[in-house]
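The values are calculated or read from the model by the stated rules, or taken from the named source; none is laboratory data. Note that the structure is predicted; figures quoted are calculated from it, not measured. Every residue, glycine among them, receives a Cβ derived from its backbone with ideal geometry; neighbour counts consider all protein chains shown.
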C-alpha cells in the first residue's frame, strides 16, 4: 500500500461484504471509494449473518477475527443473532453485546490510541452511535454519525417498539449521539429536518444530506424473462415485485388485497424479516403470490429485471423518518415503481422528479390496486418510466459522487481534531 492520505479512518457498521444486508452493500462501497481516494480505512463490523440470521458457515468459532487488507483491516465481531426475529428484547440484547465487542475492536483498530481523522458509525443499531463516540475519543478523532433510519421514531410509528421506558432511553441515546457528533449524515431532506429539530439551533449545521448510492454498472436494465422467473414458476405474464425487508414497517395488506383483485398479475415478495411469518399466513391460498428469500447480491440485477414493476411500501407516518433505498436500485434496473408511502416525502419527490412511477397513500387500497392495474395494462408507459428513472439515477446517485461527498466531509471534520 502506498502512503495513505491523512490519518486513518475507522468505520463501525453492522454489516460489511460478504454479508448481504443492503446497508452492508452501501458501506462496503463507501469504504472502497475512500480507499480509491488514498484513505487508510479500518472497518469494525459483524461476522456475516444477515441472510439466515445465523453466522454463515466458515465464519464461526470465535468472538473476534481480523482480516488484514492492503488498505487497512476488517475487524469482525460476533453479532449475537437471535433465531426468533420477533423477539425484540432478545434482538436488543444482541445489538448491545455486539456494540460492546465493537467498542473493544474499535479501540484497537488502526492501533491502540492511534490518532485518526474520523470515526464513521452507522445506525441502526442506535447503540453504535455511543460506541462510535467512545472510539472517536480514544483515537482523538471526530465522529461522523451515518443515519440510515431514524430510530426510535420509525420503530415507534411502525409499532415494532411500544415500551415507554425503551423509547425514552432510545430517545435520550439518540439525542446524546447527535450532540456528540461532528457531523450527522442522513439520506434525505425529511430525515435532515427530523434530526435538526432534535439539536440546538447552534448545532443544526452539522446535519448533512448524502444519499445512498446505487451501483449503476452492476445494476443494469435486463430482459424480463430471467432464470429467476423460471425458478419461481412465474410464467410470461405481468409480475409485480416487492424486494426488501419483510418487516413491520411495510403495509403488506395492500399486496394481499391487490393479489386478490388482480388474479392476472403474479406478485413476488423477495426478502425476509420479522414479519415474514404473519405475511406467509396472509398469502396462504393465493395462487398468484410467490415468496422468495434474499438472493446473492450478484443476482440483484437479474431479480429486479424479472419484474415488470416494483412495489415500494412504507406505513403511514414513516415516510419522513425512513427512506427505502431500494427505490434507487429499481430505477437503475429501468423498472417503474408503484409506491404506497406518505405524500410529499423523499420517495414521492424522487419519483415525480424522474417521472418514473405512481404514488398512493399507504392506506389507499383502491388507489394501490388501480395504480398497479394501470401500469400492467400500459407496456409503453412502463418502458418510458423505466428509462427516465435509469437516467436520473445515473446522473445523481453514482458511487463516485457519494464517495467524494464522504471524503470531503472527513477532510472537513479532521481539521477540528
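How many of the residues making up the stretch 310-341 are more than 30 Å from residue 195 (Cβ to Cβ) and buried (at least 24 other Cβ atoms within 10 Å of the Cβ)?
Let us first name the residues in the stretch 310-341 that are more than 30 Å from residue 195 (Cβ to Cβ), namely 333-336.
Still in the list and also buried (at least 24 other Cβ atoms within 10 Å of the Cβ): 333, 335-336.
Counting residues in the stretch 310-341 that are more than 30 Å from residue 195 (Cβ to Cβ) and buried (at least 24 other Cβ atoms within 10 Å of the Cβ) gives 3.
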### Query
Among 323, 359, which is the only one that is modelled with pLDDT of 95 or more and assigned by TED's automatic domain parsing to the domain that holds residue 250?
359
### Message
Can you pull out every residue in the stretch 326-342 that is touching a strand residue (DSSP E or B) at 6+ places or on another chain (Cβ under 9 Å) and modelled with pLDDT under 95?
### Response
326, 327, 329
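Looking at this structure, is residue 338 touching a residue at least 60 places away in the same chain (Cβ under 8 Å), in contact with a helix residue (DSSP H, G or I) (Cβ under 6 Å, 6 or more places away or on another chain), at negative phi and in a helix (DSSP H, G or I)?
Details: touching a residue at least 60 places away in the same chain (Cβ under 8 Å): yes; in contact with a helix residue (DSSP H, G or I) (Cβ under 6 Å, 6 or more places away or on another chain): yes; at negative phi: yes; in a helix (DSSP H, G or I): no.
Answer is no for this residue.
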#### Entry: Residue match in the stretch 37-55 (condition: under 24 Å from the mean Cα position of the chain (by Cα), over 26 Å from residue 279 (Cα atoms) and modelled with pLDDT under 95)
no
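Test residue 181 against the criterion of being under 18 Å from residue 12 (Cα atoms) and crowded, with 16+ Cβ neighbours inside 10 Å, and give yes or no.
On the way: under 18 Å from residue 12 (Cα atoms): yes; crowded, with 16+ Cβ neighbours inside 10 Å: yes.
For residue 181, the condition - under 18 Å from residue 12 (Cα atoms) and crowded, with 16+ Cβ neighbours inside 10 Å - is met.
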### Query
Quick one: residue 60 ticks every box in (1) surrounded by fewer than 17 Cβ atoms within 10 Å (Cβ to Cβ); (2) assigned to a loop (DSSP other than H, G, I, E, B); (3) touching a residue at least 24 places away in the same chain (Cβ under 8 Å) bar one, so which box is it?
(3)
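Would you point out the residue of the stretch 138-152, among those that are buried (at least 16 other Cβ atoms within 10 Å of the Cβ) and more than 18 Å from the chain's Cα centre (by Cα), that is nearest to residue 24 (Cα to Cα)?
Checked the stretch 138-152; the qualifying residue nearest to residue 24 (Cα to Cα) is 143.
Under the condition of being touching a helix residue (DSSP H, G or I) at 6+ places or on another chain (Cβ under 9 Å) and surrounded by fewer than 21 Cβ atoms within 10 Å (Cβ to Cβ), which residue from the stretch 193-204 is farthest from residue 396 (Cα to Cα)?
Taking the stretch 193-204 as the starting set, the residues that turn out to be touching a helix residue (DSSP H, G or I) at 6+ places or on another chain (Cβ under 9 Å) are 194-200, 203-204.
Now narrow it down to the ones that are surrounded by fewer than 21 Cβ atoms within 10 Å (Cβ to Cβ): 194, 196-200, 203-204.
On the way: 194: 23, 196: 24, 197: 27, 198: 29, 199: 29, 200: 31, 203: 28, 204: 25 Å.
This residue is 200.
Within 22 Å of residue 190 (Cα to Cα), surrounded by fewer than 18 Cβ atoms within 10 Å (Cβ to Cβ) and touching a helix residue (DSSP H, G or I) at 6+ places or on another chain (Cβ under 8 Å): which single residue out of 353, 349 fits that description? Spell out how you get there, then give the answer.
Numbers: 349 fails: touching a helix residue (DSSP H, G or I) at 6+ places or on another chain (Cβ under 8 Å).
None of the others qualify; the one that does is 353.
For residue 155, indicate whether it is in the same structural domain as residue 35 (by TED's automatic domain parsing), over 25 Å from residue 31 (Cβ atoms) and either surrounded by fewer than 18 Cβ atoms within 10 Å (Cβ to Cβ) or out of contact with any strand residue (DSSP E or B) (no Cβ under 8 Å at 6 or more places or on another chain) (or both).
Values: in the same structural domain as residue 35 (by TED's automatic domain parsing): yes; over 25 Å from residue 31 (Cβ atoms): yes; either surrounded by fewer than 18 Cβ atoms within 10 Å (Cβ to Cβ) or out of contact with any strand residue (DSSP E or B) (no Cβ under 8 Å at 6 or more places or on another chain) (or both): yes.
Here the answer is yes, as residue 155 does meet what is asked.
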